[in-house]
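*Asks:* Before we start, here is the structure in question, set down as structure tokens.
The values are calculated or read from the model by the stated rules, or taken from the named source; none is laboratory data. Only a predicted model underlies this, so the values are computations on that prediction, with no experimental measurement involved. Heads up, the Cβs are rebuilt from the backbone with ideal geometry, glycines too, and the neighbour counts pull from every protein chain shown. SASA here: full protein model, heavy atoms, side chains in, ligands and nucleic acids out. Shrake-Rupley method; radii C 1.70, N 1.55, O 1.52, S 1.80 Å.
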Amino acid sequence: MQRIYLDHNATTPLHSEVREAMMPYMMEHFGNGSSIHAYGREARNAIDTAREQVADLIGAKSPSEIVFTSCGTEADNYAVKGIAEFQKNRYGKNHIITSSVEHHAVLHTCQHLEKHGFEVSYLPVDRYGRIQIENLSEAIRDTTILVSIMHANNENGTIQPIEDVCEIAGSHGIPVHTDAVQSVGKLPLNVQELGVNLLTLSAHKFYGPKGIGALYTRRGTRLENLIHGGTHERNRRAGSENVPAIVGMGAAAALAKKHRESYSQHLNRLTNKLRTGLHERLTNIYENSHPEYCLPGTLNISFEFVEGESLILRLDMEGICVSTGSACTSGSMEPSHVLAALGISPQLAQGTVRFSLGKDNTQGEIEEVVEKVPAIVEQMRAISPVYKKKMKRDANPRNIQ
């Protein structure tokens with residue numbers, strides 16, 4: 001059975017050119033980038049090249065503003081904890097502003113800091129998960145040290161007004177961090193135009209390897225180190241560099257810059273086809289992705305009278321791979337914190353599916369999905385007592401109270 005993979009927000013397949021770039025650094029070019037002999041210099045040159053490629057992708061002024069980490073989660077922790085500790089230790093300030101729909105790498109970090117004397121404001125969002133910029137202005141205090149708002153949401157794809165966030169925070173001298181893990185490679189992204197001080201990337205979200213991420217740190221931004229030890233990454237992140245993964249991230253960054261526009265156009269076409277097909281064939285479905293500000297390739301839909309986990313398992317049996325939300329919380333019985341922040345009821349949230357498309361998906365695959373999903377949903381609704389009750393009530397309007 002040919003599988004159809006529609007879970008690219010969880011992870012993307014490794015690009016063949018990325019794999020080819022990595023292979024020599026797994027075999028003959030195995031040196032440690034901190035060594036001064038020929039093997040070490042080969043590794044160091046490869047790291048420097050990758051740093052330039054990542055910096056070029058996001059419009060950083062200098063490659064030195066890129067710090068390689070083990071993943072996006074580490075980069076988020078480094079940004080939030082690094083700023084928090086630096087500001088508290090030197091100036092006694094302790095207030096952070098974030099949103100209620102952040103990735104858990106930011107939310108749980110902020111919750112951890114609250115246990116250690118920090119105060120956090122969690123901005124509410126609208127029906128589609130977008131913050132209201134006036135709420136940010138109202139939340140700022142004299143003690144505010146950081147605003148951390150994600151660029152685009154991993155569950156429903158909603159894009160936040162980061163330029164406006166940076167303008168307001170900047171007028172108060174407050175640094176801004178954004179988790180751009182989902183938007184890199186899908187949206188035109190330039191840190192100079194955004195105005196952010198810190199930005200998180202993760203290679204496996206744009207066809208690079210797992211186990212490697214990066215934090216952009218604008219020159220002059222001061223933060224405490226998260227990991228201590230050697231002098232790696234210019235004394236900012238201790239630990240021997242993962243050279244093959246760093247090379248892979250650099251190669252993936254170069255490809256993302258080269259193909260971003262064509263990939264985005266392709267994803268938008270397929271997403272519109274999927275959206276239209278599902279709405280034409282099904283009733284009682286609700287779209288949670290922002291109608292205007294949304295990532296290419298992301299479609300988050302709640303299917304009423306259907307249990308999401310069961311739907312995903314049924315689809316998997318048909319060779320269609322999707323998810324209920326964040327891969328980092330897979331298996332949790334708790335409703336998505338993102339959907340809860342959108343005001344979606346727990347019952348409807350449990351019937352929610354995230355379709356996240358990628359560059360290799362085809363029109364034929366989407367046509368197959370549009371045929372199979374409605375059939376499975378209708379089968380599941382046919383055995384739902386709640387749905388049967390609704391259909392009976394709708395068929396006899398006199399029963400409506």
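*Asks:* Apply 1/(1 + (r/R0)^6) to the Cβ-Cβ distance of Asp126 and His29, taking R0 = 60 Å, and write down the FRET efficiency to the nearest 0.05. Working shown, then result.
*Replies:* Numbers: r = 50 Å, r/R0 = 0.84.
With R0 = 60 Å, the Cβ-Cβ based efficiency is 0.75.
*Asks:* Once Lys and Arg get +1 and Asp and Glu get -1 on their Cβ, which of Ser16, Gly82, Ala253 lies farthest toward the positive end of the dipole of the chain?
*Replies:* Gly82
*Asks:* List, in order, the whole-Hz ³J(HN,Hα) value for each residue of region 267-273 obtained from phi through the Karplus relation with A = 6.51, B = -1.76, C = 1.60 and θ = phi - 60°; use x for Gly and Pro.
*Replies:* So the J values, rounded to whole Hz, are 5, 4, 4, 5, 5, 4, 5.
*Asks:* Now, a different point. For helix 72-91, report the angle its Cα long axis makes with the longest principal axis of the Cα atoms of the chain; keep it between 0 and 90° and round to the nearest 10°.
*Replies:* Helix 72-91 and the main axis of the chain meet at about 60 degrees.
*Asks:* Working only with C-alpha atoms, what are the Rg and Dmax values of region 254-325, expressed in angstrom?
*Replies:* Taking only Cα atoms of region 254-325, I get Rg and Dmax of 14.2, 44 Å.
*Asks:* Enumerate the whole-percent occupancy of each 10 Å bin, from 0 to the last occupied one, for all C-alpha pair distances of region 192-250.
*Replies:* In whole percents, the pair-distance histogram is 20, 45, 33, 2.
*Asks:* Going toward the positive end of the dipole of region 120-252, with +1 on Lys and Arg Cβ and -1 on Asp and Glu Cβ, which of Pro161, Gly213, Val120 do you reach last?
*Replies:* It is Gly213, whose Cα lies furthest towards the positive end.
*Asks:* Compute the normalised compactness of region 115-226: alpha-carbon radius of gyration over 2.2 N^0.38 Å, N being the residue count. Walk me through the numbers on the way to the answer.
*Replies:* Working: Rg = 14.4 Å, N = 112, 2.2 N^0.38 = 13.2 Å.
Taking the Cα Rg and dividing by 2.2 N^0.38 Å, one obtains 1.09.
*Asks:* Ratio of Rg to Rh for the chain, alpha carbon only, Kirkwood? The partial results should precede the final answer.
*Replies:* Working: Rg = 22.5 Å, Rh = 22.3 Å.
With Rh from the inverse mean 1/r over Cα pairs, Rg/Rh is 1.01.
*Asks:* Follow-up. With a probe of 1.4 Å, find how much accessible area region 217-364 has per residue, and write the answer as a whole number in Å².
*Replies:* Details: 6790 Å² over 148 residues.
Roughly 46 Å² per residue, with all protein chains present.
*Asks:* Right, something else. I need the shape label for region 52-133. Rule: rounded when a/c is under 1.5, else prolate if a/b > b/c, else oblate, with a, b, c from the alpha carbon gyration tensor. Present the calculation step by step, with values, prior to reporting the outcome.
*Replies:* Values: a/c = 2.01, a/b = 1.25, b/c = 1.60.
Note, shape of region 52-133 comes out oblate.
*Asks:* Turning to a different aspect of this structure: Under a plain spin-label model, where a point goes 7 Å from the Cα along Cα-to-Cβ, how far apart in nm are Glu17 and Tyr293?
*Replies:* Reported label-point gap for Glu17 and Tyr293 is 3.3 nm.
*Asks:* For helix 385-395, what angle does its Cα long axis make with the longest principal axis of the chain, in degrees from 0 to 90 and rounded to 10?
*Replies:* 50 degrees
*Asks:* Tally the DSSP beta bridges in the chain and give the antiparallel ones as a percent, rounded to 5.
*Replies:* Details: 21 of 39 bridges.
If I count the DSSP bridges inside the chain, around 55 percent turn out antiparallel.
*Asks:* Given only helices, namely DSSP H runs of n ≥ 4 each adding -39500 (n - 2.57), what is the per-residue ellipticity at 222 nm of the chain, to the nearest 500 deg cm²/dmol?
*Replies:* On the way: 14 runs with 173 residues, N = 401.
Counting only the DSSP helices, I get -13500 deg cm²/dmol.
*Asks:* A further question on this structure: Starting from the amide H of Gly31, placed 1.01 Å from N in the peptide plane, find each other amide H under 5 Å away whose residue is 5 or more places distant or on another chain.
*Replies:* Here Ala43 satisfy the definition.
*Asks:* Could I ask something else about it? Please identify the trypsin sites (Lys or Arg not before Pro) of region 172-228 that satisfy two criteria: DSSP loop assignment and at most 16 other Cβ atoms within 10 Å. Which are they?
*Replies:* On the way: sites: Lys186, Lys205, Lys210, Arg218, Arg219, Arg222; in loops: Lys186, Lys210, Arg218, Arg219, Arg222.
Those satisfying the criteria are Lys210, Arg219, Arg222.
*Asks:* If I fit a long axis through the Cα atoms of helix 162-171 and take the longest principal axis of the Cα atoms of the chain, what angle between them do I get, 0 to 90°, rounded to 10?
*Replies:* Result, in degrees: 50.
*Asks:* Work out from phi, with θ = phi - 60° and the Karplus expression 6.51 cos²θ - 1.76 cosθ + 1.60, the ³J(HN,Hα) of each residue of region 277-293, listed in order in whole Hz, and give x for Gly and Pro.
*Replies:* Listing the rounded values in order: x, 5, 5, 6, 9, 9, 10, 6, 10, 9, 8, 9, 7, 4, x, 10, 9 Hz.
*Asks:* Can I ask one more? If r is the Cβ-Cβ distance from Arg222 to Cys321 and R0 is 41 Å, what FRET efficiency results, to the nearest 0.05? Working shown, then result.
*Replies:* Values: r = 43 Å, r/R0 = 1.05.
The computed FRET efficiency comes out at 0.45.
*Asks:* Probe radius 1.4 Å, ligands and nucleic acids ignored: give me the carbon and sulfur share of the accessible area of the chain as a rounded percent. Don't skip to the answer; put the middle values down first.
*Replies:* Numbers: 8900 of 17790 Å².
Taking all protein chains in place, the chain shows 50 percent carbon and sulfur surface.
*Asks:* What's the magnitude of the charge dipole for the chain around its Cα centre, counting Lys and Arg as +1 and Asp and Glu as -1 at the beta-carbon? Answer in Debye, nearest 20. Could the numbers behind the result be given before it?
*Replies:* Working: 41 positive and 45 negative charges, 59 e Å.
Computed about the Cα centre, the dipole is about 280 debye.
*Asks:* May I pose another question? Taking a cut-off of 20 Å between Cα atoms, list the lysines near Lys115, but don't count ones fewer than 8 places away on the same chain.
*Replies:* Reachable lysines: Lys81, Lys88, Lys93.
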